[in-house]
1. What do you reckon, is SER96 within 30 Å of the chain's Cα centre (by Cα), of a type in the set (S, T, N, Q), crowded, with 21+ Cβ neighbours inside 10 Å and within 22 Å of GLY299 (Cβ to Cβ)?
2. With the structure loaded, tell me whether SER139 is assigned by TED's automatic domain parsing to the domain that holds ASN264, out of contact with any Pro (no Cβ under 7 Å at 6 or more places or on another chain) and crowded, with 18+ Cβ neighbours inside 10 Å or whether it fails that test.
3. Within the stretch 161-192, which residues are surrounded by fewer than 19 Cβ atoms within 10 Å (Cβ to Cβ) and under 13 Å from GLY141 (Cα atoms)?
4. Within the group GLU365, GLU309, which residue is on the phi < 0 side of the Ramachandran plot and in contact with a helix residue (DSSP H, G or I) (Cβ under 6 Å, 6 or more places away or on another chain)?
5. Does VAL193 satisfy the criteria of being touching a strand residue (DSSP E or B) at 6+ places or on another chain (Cβ under 8 Å), among the β-branched types (Val, Ile, Thr), closer than 26 Å to PHE497 by Cβ and modelled with pLDDT of 95 or more?
6. What do you reckon, is TRP420 over 18 Å from ALA284 (Cα atoms) and surrounded by 15 or more Cβ atoms within 10 Å (Cβ to Cβ)?
7. Check ASN71, ASN78 and return the single one that is over 22 Å from PHE350 (Cα atoms), at pLDDT 85 or above, part of a loop (DSSP other than H, G, I, E, B) and touching an Asp or Glu at 6+ places or on another chain (Cβ under 6 Å).
8. Counting only residues that are out of contact with any Lys or Arg (no Cβ under 8 Å at 6 or more places or on another chain) and not in a helix (DSSP H, G or I), which one in the stretch 326-368 is nearest to TRP385 (Cα to Cα)?
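The values are calculated or read from the model by the stated rules, or taken from the named source; none is laboratory data. Computed from a predicted model, the values in this text were never measured in an experiment. Every residue, glycine among them, receives a Cβ derived from its backbone with ideal geometry; neighbour counts consider all protein chains shown.
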Amino acid sequence: MVNRRCRGCIGKGVSLRKFTLFLVAFYFCVSGVHAQSNETVAYVQEALQELGYDPGTADGSWGRRTRKALNEYRAALNLPEMEDVTGSSLYSLHRSVAAGQTLPHPGRVLEGLGERATYLQQRGLVRERHCNNRLNLRSIGANWTPVTRFSETDVSFAAPSPFGAENWSWTIAEGLSVASASCMAGDTAQCDVLWSYLKKWPRANGLSTAAKKVENSEKFNRTAYLANTVLQPMVLATAVVVETQNPPLEELAPLLDWLYGRVNQYYFISDKNTLVGDTDNTLARHEALAAVLPSMTLGAFIGDIELFERGFPQFEAALLSQRPDGSFPTATKRGSLALHYSGLQLSYLFAIAEIAKSQDFDLYEVKWPKGQDLHRAITYMLRGWSNWGKHVLKYANENDDAPMTPSSAAIEKFTYGFGWLPVYARRFENHPNLSLMNGVSIDPVVCSPAHIAEGRVDRAWCAQAGPPPLTLRAMLLDNTSKVAVFNPAMGFKSGCFLSTAEDLF
């Protein structure tokens, strides 16, 4: 079979798994327009030929002969006939045909989930620190029900929901992430509840919308963001269930087919770079990173490089947009929430890097033309928390759609700003940023009387966090609020899945 790892991007016979320093050139290749369906169909045809079926010539053209051969293969697996290539077909073919797989490790979304589950059973302190639901966050319950239809302003559930419509996507994302972590840590009852919940979504035809997918539509961009916030942890949860429960393919197939359809439906990048006055590179904004994460994760899981490679151009766009001081323009113009969005941006970038690493692509090793990197972004964020006026205010004054004035940080969204930290501490345990983090004192204005009076931070939270000087570490270790090193936007509790530390980091 043909090796389909970005044919022609690097040269004949070169595997991208060994490619690091020249990866930037690869991004420019994969970000170009190519016939995604033709490439996928050609793989399916070649796989079917190797298995003894007759799909006709492996030319990437979908027709009756290929459909017939694929459905004969599916019938042998007790799967129903389908009119097109689906997630369950790709998932099954990549496991049936070892040669010529488009990715090196189909089924792996993070490095070694099976080994990780065993590790957590043996390392109680790591499990307790990073996996247990110490903060009593909402987890998936037996009475949880899928979202059937939604829009920017409205949402419908398949049955009465145990939580309200406000922030429904983040509530579901948090619940999925917490449940996946509990399942990974050995809670078999939570695994059962999680699997039952996942199976409800295809039955209900969940996440339908009336919003039209129109090029550069800001309305659909916001709709897609809500969907992708749910889809990313849902794909990760599916991978966890398969690793821990090993459900039969007949049960798994409807979920894979539904995920494949919804991930493609809500893969949407609003390319505003063509608009006059866009100096920030909106291809780098967090909505664009959110849009590619479900594709990349599902691609890794079912073994499809065409889904998987969607993450690379957005990772590149974000890093190339970085200023010399380490700040991201699209994040720091968000007024009082500038540091929240900086942390969100980092969480998305680390999630992309970790999923890439599961397939032997090392984005951490890429050398960018002006020295841009994740370390610099973290240094900037730490400096921003210690001195908002010096490092952040000059950008935050633009105040793009953020509450309150940008004169200082709002702590309302501090909770999700450090989901990247456990990953960073594992990958770069000797980097000076970790020492810097231990010593950072928070800008005194954060818990000042004026700040509390304005509603930028809760008085009780400030009192619990301790007397001044308030340190970043104390804020991250506070067990009385939702201040946790966890960001559901990543799709997984990064400490539970990757950290080896018995402490915060």
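1. It is false that SER96 is within 30 Å of the chain's Cα centre (by Cα), of a type in the set (S, T, N, Q), crowded, with 21+ Cβ neighbours inside 10 Å and within 22 Å of GLY299 (Cβ to Cβ).
2. Yes.
3. Hits for the stretch 161-192 are SER161, PRO162, PHE163, ALA189, ASP192.
4. GLU309
5. no
6. Criteria not met by TRP420.
7. One residue alone meets the criteria, ASN78.
8. SER327
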